[in-house]
Amino acid sequence: MESLAAKEAELTKEVPQLLETMNKTSEEVNLFERKASEAQERYRKLLEQWSRVYEELRSHYGSSIDRVKPYFEAAATFRSASERVQVVMKEFCAAASQYSQAKADLRNIETRLAYGAHKVRLDRDQQDGLSRATVRVLKCRQDRDRREQDYAESLREYEEAKQACESWRSQLGDALIKRYEPVFRQLQQHQSTLRTERQRIQGFTERAASAKGIYNKSLAELDRINVAVHEARAVAKEATAPQPPPPPAVPPVPPAAPEEAPEAPEVTVAAKEPEMPQERTTDAAKEVFTEDLPLGQTENRHGD
């Protein structure tokens, strides 16, 4: 039992921290969802207000306001692209500077270790330092390349927005643009407020989603711990349960004796006497046998 208690203590040592995390993230989810809902309600009211202002200006200035609207939209896009390209350019410059510094650090390490000049054997610390410097160079180069692509993309958007703004300006003329500039400045202030609320909604939604992710992860970890504790208890219970007595031994069955084949009946064969060949002498044979005998003997045989 002591071993089971120690195992349970080891398995459940993170439970208090997990419960605290779940309570905290649950409060954060409720807070951010409530703020996101409030921001959505403000955004809806601001959008209605912007629509009313626009309709009032349109009714006052007529269809001319629709005529100059594309220019001011292009001008707003151009300003946004200009701000973005400046931010991205600073990020690219910083990444390029870090890459240059990482390369310089790697060269210093290589020079200090005489790396590449002749064959040397580095110890573990030197190998680790060289590996870290090499990995840092690779990561900095990847980050610089990515920032460079972002800068090229933002620069392209900046040039397109600039061309669109200049095109509309040339079509409408400076006089008409200046006439409606105060009107659209007012509308742009409303649009800026709407944009800020959209960003707030997005921020609250993302933070609520992040808190939900942490909560679900903690819940899954608690479930894993619960399963592990039940498994440990089941193993301990099985180990301490009384074992049933073994079944009685069954004596081995002797193998059956092989069946004997039945004896064949004894057969007595009586011995036969050999048959003597019967004498069969023909007259011709007699002549053969007697032709060489003397005359007297022949007659005696015939006499016989």
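The values are calculated or read from the model by the stated rules, or taken from the named source; none is laboratory data. Please read these numbers as outputs of a predicted model, since none were measured by experiment. Note: ideal-geometry Cβ built from the backbone for every residue, glycine included; neighbour counts use all protein chains shown. In case anyone asks, the SASA skips ligands and DNA or RNA and just uses the protein heavy atoms, side chains included. Shrake-Rupley method; radii C 1.70, N 1.55, O 1.52, S 1.80 Å.
Loop-only check: which GluC sites (Glu not before Pro) in region 153-244 are DSSP coil with at most 10 other Cβ within 10 angstrom?
Qualifying residues, ordered by number: none.
Could you compute the FRET efficiency for R58 and Q171, with r as their C-beta to C-beta distance and R0 at 22 Å, rounded to 0.05?
Taking R0 as 22 Å, the efficiency between R58 and Q171 is 0.65.
Give, as a single signed number, the net charge of other residues whose beta carbon lies under 11 Å from the beta carbon of E197, with Lys and Arg counted +1 and Asp and Glu -1. Spell out each step's value before the answer.
Working: positive: R42, R44, K45, R195, R198, R200; negative: E38, E41.
Once positives and negatives cancel, what remains is +4.
Where in region 1-41 does the label zone of N226 land, with the point 7 angstrom along Cα→C-beta and an amide N cut-off under 20 Å?
8-27
Under 5 Å between amide H atoms, partner at least 5 residues away or on a different chain: which partners does L113 have, H built in plane at 1.01 Å?
Distant-sequence amide H within range of L113: zero hits.
E73 to N216: FRET efficiency via 1/(1 + (r/R0)^6), r the Cβ-Cβ distance, R0 30 Å, to the nearest 0.05? Write out the running numbers ahead of the final one.
Working: r = 42 Å, r/R0 = 1.40.
Efficiency computed from Cβ-Cβ geometry: 0.10.
What is the percent carbon and sulfur in the accessible area of region 30-114, measuring with a 1.4 Å probe over the protein chains and ignoring ligands?
Answer for region 30-114 is 49 percent, counting heavy atoms of protein chains only.
Take the residue pairs K45/K212; K90/K217; K103/K162 and return only those whose Cα atoms are more than 30 Å apart.
Going by Cα-Cα distance, K90/K217; K103/K162 fall outside the 30 Å limit.
Give the calculated FRET efficiency between S82 and E14 to the nearest 0.05, with a Förster radius of 51 Å applied to their Cβ-Cβ distance. Could you put the intermediate results ahead of the total?
On the way: r = 51 Å, r/R0 = 0.99.
Once the sixth-power term is evaluated, E becomes 0.50.
Please give the length that would be gained between L113 and T193 if that part of the chain were fully extended, namely 0.36 nm times their separation in residues minus their C-alpha to C-alpha distance (nm, one decimal).
Full extension from L113 to T193 adds 22.9 nm.
Work out, step by step, the length gained on full extension between C93 and K45: first 0.36 nm times the residue separation, then minus their alpha carbon distance; give nm to one decimal. Mind showing how you got there, number by number?
On the way: separation 48, 0.36 × 48 = 17.28 nm, distance 4.16 nm.
Extending this stretch completely gives an extra 13.1 nm.
Quick check: pseudo-label points 7 Å beyond the Cα along Cα→Cβ at T240 and R179, how many nm apart are they?
9.5
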